[in-house]
Amino acid sequence: MRRKLAAGNWKMNGSGADLAMLGELARRHPAPDCQVLICPPATLIDRAARAVDGSAIAIGGQDCHFGANGAHTGDISAAMLAEAGATAVIVGHSERRQDHHENNDMVRAKAEAALAAGLTAILCVGESQAQREAGRTLDVIAEQLAGSMPQDATAHGVVIAYEPIWAIGTGLVAEPAQISQVHEFLRAQLRQRLGEQTGQAIRLLYGGSVKPANAAEIFAVADVDGALVGGASLSAADFAPIIAALDASA
């Protein structure tokens, strides 16, 4: 059985005062069936990890450099994230691919660095609106997965997050049939590349304007093992119902 995962990506939001929501989230879900992960800005990781100590909430990073160390001003290595208290890191998010021109080779190197540091890599894939309208969704997903996936991927070390770019921060959400098509395709690709056992065991998340109002419908789709949530993860009032919906779907 794949354990469901509710992962929150705070992006470039949050301050020390916002860490109080972690305590509220822990009080609302002291022992959830699903795994709960919050990825705050790097400046908050150490404090967030201390704030959730003893609870069921884990802390992750939003990005890492592919190098272990060196002359990379402003970057953070996977080992540094782990030392700060992170257990996972997001790699290949569309905002990194677009804004920082990260290609598949770079994303794969980051995922490999995460695995080497003992972190779980949450590997993001997703198509733009233009690519979907051109009928290229599955081609784009296949290319990103093939180019970004570490060779030694395991179910413990890698999670795949499908985030259609056109549904991130727009309020648009992929229809259940669209989500199902991509997740079924991802599952088949993983089984083909990694073998039946590992390919079946890797968790697949959906991300793209997931909110309390639509979470149950999304989690009812086959092969959706959870969500990578943006804005709704910034408050316990919004994120707690998403966790509850995921627990109910198990």
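Every read-out reported here was derived from the displayed coordinates using simple, explicitly stated rules and does not represent laboratory data. Note that the structure is predicted; figures quoted are calculated from it, not measured. Cβ: placed from backbone, ideal geometry, glycine included. Neighbour counts: every protein chain shown.
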Which of the aspartates and glutamates could a cross-linker bridge to K110, judged by Cα under 16 Å and excluding same-chain residues fewer than eight apart? D63, D75, E95, E102, D152
Lys, Arg +1 and Asp, Glu -1 on Cβ, resulting dipole of the chain about Cα centre, debye, nearest 20: 320 debye
Using only the Cα atoms, what convex hull volume per residue in Å³ does segment 1-137 have? 141 Å³
If I model the chain as equal point scatterers sitting on the Cα atoms and use the Debye formula, what is log10 I(q)/I(0) at q = 0.07, 0.08, 0.13, 0.16 Å⁻¹? -0.20, -0.27, -0.74, -1.18
So if we plug the beta-carbon distance of D53 and D99 into 1/(1 + (r/R0)^6) with R0 = 35 Å, what FRET efficiency do we get, rounded to 0.05? 0.60
In deg cm²/dmol, rounded to the nearest 500, the helical mean residue ellipticity at 222 nm of the chain, built from -39500 (n - 2.57) for every DSSP H run of length 4 or more, is -12500 deg cm²/dmol
Would you grab the residues whose amide H sits under 5 Å from the one on R203? Only those 5+ places off in sequence or on another chain, please, with H modelled 1.01 Å from N. I160
Could you list T120, T154, T73 in order of exposure, starting from the residue whose Cβ has the fewest other Cβ atoms within 10 Å? T73, T154, T120
Going by amide H atoms built from the backbone, whose H comes under 5 Å of the H on I59, apart from near neighbours? I38, T87
With +1 at each Lys and Arg Cβ and -1 at each Asp and Glu Cβ, the charge dipole magnitude of segment 131-250 around its Cα centre, to the nearest 20 debye, comes out at 100 debye
Taking 0.36 nm per residue of sequence separation and subtracting the Cα-Cα distance, how much length would be gained by fully extending the chain between S180 and D18, in nm to one decimal? 54.9 nm
By average C-beta atoms within 10 angstrom, highest first, the peptides 56-62, 112-118: 56-62, 112-118
D (µm²/s, integer) via Stokes-Einstein for segment 201-248, Kirkwood Rh across alpha-carbon pairs, 25 °C, 0.890 mPa s: value 231 µm²/s
In the chain, whole DSSP H helices that both stretch 15 Å or further along their axis by alpha carbon positions and average at least 1.0 on the Kyte-Doolittle scale are 236-249
Just to compare against my own numbers: the Cα pair-distance distribution for segment 127-250, 5 Å bins, whole % per bin, please. 2, 11, 21, 23, 19, 14, 8, 1, 0
Filtered hits (lysines, Cα-Cα < 21 Å from K211, offset >= 8 within chain) -> K4, K11
